[in-house]
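The values are calculated or read from the model by the stated rules, or taken from the named source; none is laboratory data. Because the structure is a prediction, the values reported are computed rather than measured. All Cβ positions, glycine included, derive from the backbone under ideal geometry; neighbour counts span all protein chains shown. With ligands, DNA and RNA removed, areas are computed over all heavy atoms of the protein, side chains included. Shrake-Rupley method; radii C 1.70, N 1.55, O 1.52, S 1.80 Å.
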Amino acid sequence: MSHLSKCIVGAGAILILVGCAKKQTVVMPPAKVTVVKAIQKDVPLYEEYVAQVFGLSDVEIRSRVEGWVTGVHFKEGSQVNKGDLLYTIDDIQYKTKVDAAASDLARAKTEVVRAKNELNRVKPLTELNALSQKDLDNADAAYHAALAEEQAAKSVLENAQIELGYTKVHALIGGVVGISNARAGDYVSRLSSSSVLTTISDVKSVRVRFQISEREYLRISRMAFAEIQRMKKVELLLADGTLYPLPGEVNFANREIDPKTGTITVESTFPNSNGLLRPGMFVKTRVLFSTYANAVLVPQRSILQLQTLSQVFIVTDSSTLKAVIIETGPKVGDGWIVKKGLKSGDKVAIVGTVSLTPNSKIEQVEMKWPTDTPAQQ
């Protein structure tokens, strides 16, 4: 066979192979896509506010006298009862004042006795005209002056005894005592910052304060009485996202709008028998504003936002995708309320990063989406 013939045969073989390759079409399997069913239920719509916890009473324990701290009689962070001894302050100078005041009172009482005797002596002599009326008046004045001196001496003694009592600092309320700002050997004064020795918080119940905007205040003020009464029940979300098990109740709203922030402070009270809530904690209060009746819900990640439009892919009976424009409402937890475009039971595809288009054939991977959705975000 000549060289030319060989080339023709080879070219023919190549054409045959190419022709066969064109006939072999590669069919890709359908993409696996997570599918959930739209659910329908009454959805409570909450508003959340950043809040801070305070004790039912947060009482600063202050020094009311000056002196050296001689003893600290409590364990920081422990529970104390009303009247428990917390601190002792050096009392030597105050005992000396008490002794001096007691001596002055004894002297004043002696003077009262002397003046009384003098008045008793002068009075009958005046009646006999043996002494003048002026002598009687002077004796009477001296007696009443002695009585006044006695009363003044009593007051000085009582004040000295009170100050001596202040050298023993007792708990004014029962509760959890905080960190001590004074140690044994420290000098404390009633006029400086060192007068605050510690703080006791009554945490059997706690106060939780949060702020709402002026617009929200006006919105609430225009609600019906029954709606406002319902909103008095408040829930609490802790820092780790968990829901505090016991509801609270709104106590009051402040008398004024803060002109600096444009907000009004609202205070609520929560029971705290287990001591979980501590003063200073930052939490979130959750207030039920309304309930969206028969709301259709789908996962937020199933909704595609295209500028001003929102779209989902629903799955047809033939396992193909169909794009549907929807109207959305509030977000609720990881769900989204759909006002128009979907009905309960519609299968919605969570496309994610998979590149799919309408009419794409898919393999459904059904996922049970929780019917109990978290609070509104």
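Say whether the condition of being surrounded by 13 or more Cβ atoms within 10 Å (Cβ to Cβ), within 17 Å of Pro30 (Cβ to Cβ) and at pLDDT 85 or above is met by at least one residue in the range 306-313.
Yes - at least one qualifying residue is present in the range 306-313.
If a residue must be open to solvent by 60 Å² or more (accessible area, probe 1.4 Å) and within 12 Å of Arg301 (Cβ to Cβ), how many such residues does the range 331-351 contain?
Residues flagged as open to solvent by 60 Å² or more (accessible area, probe 1.4 Å) and within 12 Å of Arg301 (Cβ to Cβ) within the range 331-351 amount to 2.
Please give the strands (runs of 3 or more DSSP E) falling wholly within the range 203-297 in which 3 or more residues are among the aliphatic types (A, V, I, L, M).
Answer list for the range 203-297: 233-237.
So which residues in the range 97-123 are open to solvent by 80 Å² or more (accessible area, probe 1.4 Å) and aliphatic (A, V, I, L, M)?
Listed by number, the list holds a single entry, Val113.
Condition first: more than 22 Å from Gly55 (Cα to Cα) and aliphatic (A, V, I, L, M). Can you find one or more residues in the range 235-255 that meet it?
No: zero hits.
Return yes or no: is Thr126 in a helix (DSSP H, G or I) and either surrounded by 13 or more Cβ atoms within 10 Å (Cβ to Cβ) or among the polar types (S, T, N, Q) (or both)?
Answer is yes for this residue.
Identify, please: which residue in the range 321-330 is surrounded by 16 or more Cβ atoms within 10 Å (Cβ to Cβ) and touching a residue at least 24 places away in the same chain (Cβ under 8 Å) and is, among those, nearest to the chain's Cα centre (by Cα)?
Filtering the range 321-330 for residues that are surrounded by 16 or more Cβ atoms within 10 Å (Cβ to Cβ) and touching a residue at least 24 places away in the same chain (Cβ under 8 Å), the one nearest to the chain's Cα centre (by Cα) comes out as Pro330.
Going by what's in this entry, would Val298 be described as modelled with pLDDT of 90 or more, open to solvent by less than 40 Å² (accessible area, probe 1.4 Å) and more than 24 Å from Thr34 (Cβ to Cβ)?
Judged against the criteria, Val298 is not a match.
I'd like the residue in the range 131-157 that is over 16 Å from Val113 (Cα atoms) and free of Cβ contacts under 8 Å to residues at least 24 places away in the same chain and, out of all such residues, is least open to solvent (accessible area, probe 1.4 Å).
Looking at the filtered set, the residue picked out is Leu136.
Of the numbered conditions (1) modelled with pLDDT of 95 or more; (2) assigned to a helix (DSSP H, G or I), Thr88 fails exactly one; give the number of that condition.
Of (1) modelled with pLDDT of 95 or more; (2) assigned to a helix (DSSP H, G or I), only one is false for Thr88: (2).
Yes/no per residue for (1) more than 25 Å from the chain's Cα centre (by Cα); (2) surrounded by 17 or more Cβ atoms within 10 Å (Cβ to Cβ); (3) on the phi > 0 side of the Ramachandran plot:
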| residue | (1), (2), (3) |
| --- | --- |
| Val50 | no, no, no |
| Val59 | no, no, no |
| Val72 | yes, yes, no |
| Leu85 | yes, no, no |
| Tyr94 | yes, yes, no |
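May I ask you to list the residues in the range 158-205 that are among the hydrophobic types (A, V, I, L, M, F, W, C) and open to solvent by 50 Å² or more (accessible area, probe 1.4 Å)?
Selection gives Ile162, Leu172, Ile179, Ala184, Leu191.
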